[in-house]
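Taking it in order: structure first as C-alpha coordinates, then the write-up.
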Amino acid sequence: HRVVGVCHRDIKPQNLLVNNVTHEVKVCDFGSAKMLIPGEPNISYICSRYYRAPELIFGATEYTNAIDMWSVGCVMAELFLGHPLFPGETSVDQLVEIIKILGTPAKEEIKNMNPRYNDFKFPQIKAQPWHKIFRRQVSPEAMDLASRLLQYSPNLRCTAVRVNSLS
(Lines give C-alpha, C1' and ligand atoms only; values in the text may rest on other atoms or scores of the structure.)
Protein backbone atom coordinates (compact mmCIF):
# COMPACT_ATOMS: atom_id res chain seq x y z
CA HIS A 1 0.00 0.00 0.00
CA ARG A 2 2.20 2.79 -1.24
CA VAL A 3 -0.70 5.05 -2.19
CA VAL A 4 -2.49 6.03 1.01
CA GLY A 5 -6.24 5.60 0.83
CA VAL A 6 -6.20 3.28 -2.19
CA CYS A 7 -7.59 -0.15 -1.49
CA HIS A 8 -6.63 -2.88 -3.98
CA ARG A 9 -9.72 -5.00 -3.17
CA ASP A 10 -8.46 -8.15 -4.96
CA ILE A 11 -5.22 -9.27 -3.33
CA LYS A 12 -4.64 -12.94 -4.19
CA PRO A 13 -1.64 -15.03 -5.32
CA GLN A 14 -2.48 -14.46 -9.01
CA ASN A 15 -2.14 -10.68 -8.48
CA LEU A 16 1.31 -10.85 -6.89
CA LEU A 17 4.40 -10.80 -9.09
CA VAL A 18 7.65 -12.08 -7.57
CA ASN A 19 11.07 -11.31 -9.01
CA ASN A 20 12.88 -14.64 -8.53
CA VAL A 21 16.29 -12.90 -8.45
CA THR A 22 15.62 -10.07 -5.99
CA HIS A 23 12.60 -11.72 -4.27
CA GLU A 24 10.80 -8.39 -4.61
CA VAL A 25 7.00 -8.65 -4.65
CA LYS A 26 4.85 -6.33 -6.76
CA VAL A 27 1.07 -6.11 -6.73
CA CYS A 28 -0.68 -6.10 -10.12
CA ASP A 29 -4.24 -5.86 -11.50
CA PHE A 30 -5.67 -2.70 -10.02
CA GLY A 31 -8.99 -3.16 -11.86
CA SER A 32 -10.94 -3.36 -8.57
CA ALA A 33 -8.84 -0.75 -6.73
CA LYS A 34 -10.59 2.27 -5.28
CA MET A 35 -9.80 5.34 -3.22
CA LEU A 36 -11.83 4.72 -0.07
CA ILE A 37 -13.55 7.80 1.30
CA PRO A 38 -14.93 7.56 4.87
CA GLY A 39 -18.73 7.72 4.88
CA GLU A 40 -18.97 6.90 1.18
CA PRO A 41 -20.50 3.45 0.57
CA ASN A 42 -18.75 0.80 -1.51
CA ILE A 43 -19.87 -2.52 -2.95
CA SER A 44 -19.46 -5.46 -0.60
CA TYR A 45 -19.32 -8.14 -3.32
CA ILE A 46 -15.67 -7.53 -4.15
CA CYS A 47 -12.45 -9.54 -3.76
CA SER A 48 -11.89 -13.16 -4.79
CA ARG A 49 -13.77 -15.47 -2.42
CA TYR A 50 -10.89 -17.33 -0.71
CA TYR A 51 -9.29 -13.97 0.19
CA ARG A 52 -12.49 -12.02 0.99
CA ALA A 53 -12.53 -10.35 4.41
CA PRO A 54 -15.39 -11.39 6.69
CA GLU A 55 -16.86 -7.87 6.84
CA LEU A 56 -17.49 -8.14 3.09
CA ILE A 57 -19.27 -11.47 3.60
CA PHE A 58 -21.36 -9.74 6.29
CA GLY A 59 -22.35 -7.19 3.64
CA ALA A 60 -20.42 -4.16 4.93
CA THR A 61 -20.39 -1.25 2.47
CA GLU A 62 -18.23 1.00 4.64
CA TYR A 63 -14.89 -0.72 4.96
CA THR A 64 -11.21 0.19 5.07
CA ASN A 65 -7.87 -1.02 3.72
CA ALA A 66 -8.15 -3.68 6.42
CA ILE A 67 -9.88 -5.84 3.78
CA ASP A 68 -6.56 -5.92 1.90
CA MET A 69 -4.69 -6.86 5.07
CA TRP A 70 -7.08 -9.80 5.59
CA SER A 71 -6.32 -10.89 2.02
CA VAL A 72 -2.57 -10.61 2.71
CA GLY A 73 -3.05 -12.89 5.74
CA CYS A 74 -4.91 -15.41 3.56
CA VAL A 75 -2.13 -15.36 0.93
CA MET A 76 0.51 -15.74 3.65
CA ALA A 77 -1.34 -18.74 5.12
CA GLU A 78 -1.63 -20.26 1.65
CA LEU A 79 2.14 -19.95 1.20
CA PHE A 80 2.65 -21.84 4.49
CA LEU A 81 0.08 -24.55 3.76
CA GLY A 82 0.36 -24.99 0.00
CA HIS A 83 -3.43 -24.56 -0.34
CA PRO A 84 -6.00 -21.89 0.55
CA LEU A 85 -6.76 -21.54 4.27
CA PHE A 86 -10.45 -20.78 3.69
CA PRO A 87 -11.60 -22.68 0.55
CA GLY A 88 -15.31 -21.81 0.62
CA GLU A 89 -17.44 -22.76 -2.38
CA THR A 90 -20.03 -20.00 -1.77
CA SER A 91 -20.11 -16.85 0.37
CA VAL A 92 -21.95 -18.70 3.15
CA ASP A 93 -19.51 -21.63 2.91
CA GLN A 94 -16.64 -19.12 2.99
CA LEU A 95 -17.89 -17.82 6.33
CA VAL A 96 -18.21 -21.41 7.60
CA GLU A 97 -14.57 -22.08 6.61
CA ILE A 98 -13.44 -18.94 8.47
CA ILE A 99 -15.47 -19.85 11.58
CA LYS A 100 -14.00 -23.41 11.56
CA ILE A 101 -10.57 -21.83 12.10
CA LEU A 102 -11.15 -18.52 13.92
CA GLY A 103 -14.13 -19.73 15.93
CA THR A 104 -17.53 -18.07 16.11
CA PRO A 105 -17.25 -14.29 16.04
CA ALA A 106 -18.51 -12.50 19.16
CA LYS A 107 -21.42 -10.04 18.74
CA GLU A 108 -18.95 -7.17 19.23
CA GLU A 109 -16.72 -8.50 16.44
CA ILE A 110 -19.74 -8.76 14.11
CA LYS A 111 -20.68 -5.15 14.96
CA ASN A 112 -17.08 -4.11 14.17
CA MET A 113 -17.37 -5.83 10.78
CA ASN A 114 -20.82 -4.47 9.91
CA PRO A 115 -22.83 -2.39 12.42
CA ARG A 116 -26.00 -2.97 10.34
CA TYR A 117 -25.78 -6.78 10.54
CA ASN A 118 -28.15 -8.11 13.21
CA ASP A 119 -28.65 -11.83 12.55
CA PHE A 120 -26.44 -13.37 15.23
CA LYS A 121 -27.43 -17.03 14.90
CA PHE A 122 -24.18 -18.96 14.50
CA PRO A 123 -23.08 -22.34 15.84
CA GLN A 124 -20.69 -21.89 18.75
CA ILE A 125 -17.31 -23.13 17.56
CA LYS A 126 -13.98 -22.64 19.33
CA ALA A 127 -10.98 -21.16 17.53
CA GLN A 128 -8.23 -23.54 16.39
CA PRO A 129 -4.74 -22.79 17.74
CA TRP A 130 -2.51 -21.49 14.92
CA HIS A 131 0.25 -24.01 15.70
CA LYS A 132 -2.20 -26.84 14.94
CA ILE A 133 -3.16 -25.28 11.61
CA PHE A 134 0.39 -24.58 10.43
CA ARG A 135 2.11 -27.46 12.29
CA ARG A 136 5.90 -27.20 12.64
CA GLN A 137 6.67 -25.77 9.21
CA VAL A 138 6.06 -22.14 10.26
CA SER A 139 8.09 -19.95 12.63
CA PRO A 140 6.34 -18.51 15.72
CA GLU A 141 6.90 -14.99 14.29
CA ALA A 142 5.17 -15.90 11.02
CA MET A 143 2.26 -17.48 12.91
CA ASP A 144 1.97 -14.36 15.04
CA LEU A 145 1.83 -12.14 11.96
CA ALA A 146 -0.82 -14.34 10.32
CA SER A 147 -2.90 -14.18 13.51
CA ARG A 148 -2.60 -10.36 13.58
CA LEU A 149 -3.77 -10.14 9.95
CA LEU A 150 -6.60 -12.65 10.28
CA GLN A 151 -8.64 -10.88 12.96
CA TYR A 152 -12.41 -10.58 12.70
CA SER A 153 -12.41 -6.94 13.83
CA PRO A 154 -10.97 -4.82 11.00
CA ASN A 155 -9.68 -2.23 13.47
CA LEU A 156 -7.59 -4.91 15.23
CA ARG A 157 -5.87 -6.16 12.06
CA CYS A 158 -2.24 -5.33 11.55
CA THR A 159 -1.81 -2.42 9.11
CA ALA A 160 0.62 -2.37 6.18
CA VAL A 161 2.77 0.21 8.01
CA ARG A 162 2.88 -2.00 11.11
CA VAL A 163 3.76 -5.12 9.07
CA ASN A 164 6.57 -3.19 7.40
CA SER A 165 7.95 -2.13 10.79
CA LEU A 166 8.06 -5.77 11.96
CA SER A 167 10.55 -6.84 9.27
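The values are calculated or read from the model by the stated rules, or taken from the named source; none is laboratory data. Every value quoted in this text rests on a predicted model; they were computed, and no experiment measured them. Virtual Cβ from ideal backbone geometry, glycine too; neighbours counted across all protein chains shown.
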Query raised in the report: Quick one: is L102 over 27 Å from G5 (Cβ atoms), modelled with pLDDT of 90 or more, of a type outside the set (F, W, Y) and surrounded by 17 or more Cβ atoms within 10 Å (Cβ to Cβ)?
Result: yes
Requested in this report: Can you confirm whether region 60-81 contains a residue that is at pLDDT 90 or above, in contact with a His (Cβ under 7 Å, 6 or more places away or on another chain), buried (at least 18 other Cβ atoms within 10 Å of the Cβ) and under 18 Å from L16 (Cβ atoms)?
Outcome: yes
Query - Matching residues in region 7-35 - criterion: being part of a loop (DSSP other than H, G, I, E, B), of a type in the set (V, I, T) and surrounded by 14 or more Cβ atoms within 10 Å (Cβ to Cβ) - result: I11
**Report entry** Within region 115-167, tally of residues that are more than 30 Å from G39 (Cβ to Cβ) and part of a helix (DSSP H, G or I)
**Finding:** 14
